[in-house]
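*Asks:* I am attaching a structure below and will ask some questions about it afterwards.
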Amino acid sequence: MISVTILTKNSAEYLCEVLTALRNFDEVLIYDNGSTDNSAEIARQFSNVKIHQGLFFGFGPTHNHASGLAKNDWILSVDADEVVSPQLASEILAAALDENCVYSFPRDNYFNGKWIKWCGWYPDRVVRLYNRNKTRFTDAHVHESIIDAHMKQVYLQSALRHYSYRSISDFLAKMQSYSHLFASQYQGKKKSSPLKAVSHAFFAFFKSYILKRGFLGGYEGFVISSYNAHTAFYKYLKLYEANRKAKDSTR
């Protein structure tokens with residue numbers, strides 16, 4: 001049996017579609033971090049959903065905390081803006097799961113109603129199905145992943161649909177969140193400077209728009225590449241600021 005875990009905070013927009021796609025799974029555990037919209041009301045409409053509320057500890061630790069609350073050892077981790085296709089649900093439920101393996105599948109990323117095949121968003125394969133007795137998420141506060149060293153990866157074929165950004169406001173909100181978590185994670189552990197922030201931003205745009213062919217994506221490719229550049233810039237600028245504050249506090 002498989003438990004699906006989902007972290008939510010004001011995730012109502014796609015939640016009904018997300019949970020409908022998971023109706024054949026034994027348990028869907030929602031770990032909510034202070035939603036003020038109707039996420040909880042939507043979740044209560046589904047008989048296989050259980051809701052837990054608690055603090056957010058960074059993405060990796062919070063994923064691990066949520067998996068510890070599930071009733072099954074097999075965990076399928078899904079974001080609140082990711083929809084499991086009927087084909088993927090059938091493929092997962094029919095799989096002969098091996099606890100020494102982790103399972104990955106393709107993820108199709110959408111922005112502005114378009115499937116994005118540039119900027120490093122395609123191809124995109126994610127490891128999301130694992131046995132919690134054998135592995136877990138890393139402790140990274142951002143850009144977390146399931147630890148798959150010394151484990152065999154099984155490649156499932158059906159895709160997950162990811163509605164990652166609805167608008168420019170979503171880009172700005174995630175930039176603020178991710179840059180803050182990055183600075184918190186690496187404060188005192190990684191050096192930074194305004195020059196490093198600029199250089200990382202420049203390379204992020206060049207990599208996304210030129211090397212990853214974002215220029216083929218028109219408006220969407222330019223916006224995503226610009227977002228990548230701004231996120232890199234503010235990640236390292238916030239880290240520089242955090243390191244300076246930590247240094248001043250020790251004087």
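*Asks:* Kindly indicate the residue of the stretch 130-155 that is over 16 Å from the mean Cα position of the chain (by Cα) and assigned to a loop (DSSP other than H, G, I, E, B) and also surrounded by the fewest Cβ atoms within 10 Å (Cβ to Cβ) among those meeting that condition.
*Replies:* A149
*Asks:* In the list I210, I224, I168, which residue meets the criterion of being under 24 Å from K117 (Cβ atoms), aliphatic (A, V, I, L, M) and at pLDDT below 95?
*Replies:* The conditions single out I168.
*Asks:* Then there is this: Looking at the stretch 179-221 only, could you name the residues that are without any contact (Cβ under 8 Å) to a residue 40 or more places away in the chain and either in contact with a Cys (Cβ under 8 Å, 6 or more places away or on another chain) or closer than 30 Å to F57 by Cβ (or both)?
*Replies:* Result: K189, H200, A201, A204.
*Asks:* Check S192 against each of (1) under 30 Å from P123 (Cα atoms); (2) open to solvent by less than 30 Å² (accessible area, probe 1.4 Å); (3) of a type outside the set (A, V, I, L, M, F, W, C) and name the one condition it does not meet.
*Replies:* So the condition that S192 fails would be (1).
*Asks:* Going through the stretch 227-251 one residue at a time, which ones are in contact with a His (Cβ under 9 Å, 6 or more places away or on another chain) and within 21 Å of K114 (Cβ to Cβ)?
*Replies:* A229
*Asks:* Considering S104, S85, S67, S77, which residue is crowded, with 20+ Cβ neighbours inside 10 Å, within 18 Å of the chain's Cα centre (by Cα), closer than 20 Å to R161 by Cα and of a type in the set (G, A, S)?
*Replies:* S77
*Asks:* When the residues of the stretch 88-100 are narrowed to those that are touching a residue at least 12 places away in the same chain (Cβ under 8 Å) and either open to solvent by 70 Å² or more (accessible area, probe 1.4 Å) or hydroxyl-bearing (S, T, Y) (or both), which ends up nearest to K152 (Cα to Cα)?
*Replies:* Checking each candidate, the answer is N100.
*Asks:* Based on this model, can you work out whether K117 counts as in a loop (DSSP other than H, G, I, E, B), open to solvent by 30 Å² or more (accessible area, probe 1.4 Å), without any contact (Cβ under 8 Å) to a residue 60 or more places away in the chain and not hydrophobic (A, V, I, L, M, F, W, C)?
*Replies:* No.
*Asks:* Which count do you get for residues in the stretch 36-70 that are assigned to a loop (DSSP other than H, G, I, E, B) and out of contact with any Ser or Thr (no Cβ under 6 Å at 6 or more places or on another chain)?
*Replies:* Number of matching residues: 12.
The values are calculated or read from the model by the stated rules, or taken from the named source; none is laboratory data. These numbers were taken from a predicted model, which means no experiment stands behind them. FYI the Cβ positions are ideal-geometry reconstructions off the backbone, even for glycines, and counts take in every protein chain you see. Ligands, DNA and RNA are excluded from the accessible area calculation, which covers all protein heavy atoms including side chains. Shrake-Rupley method; radii C 1.70, N 1.55, O 1.52, S 1.80 Å.
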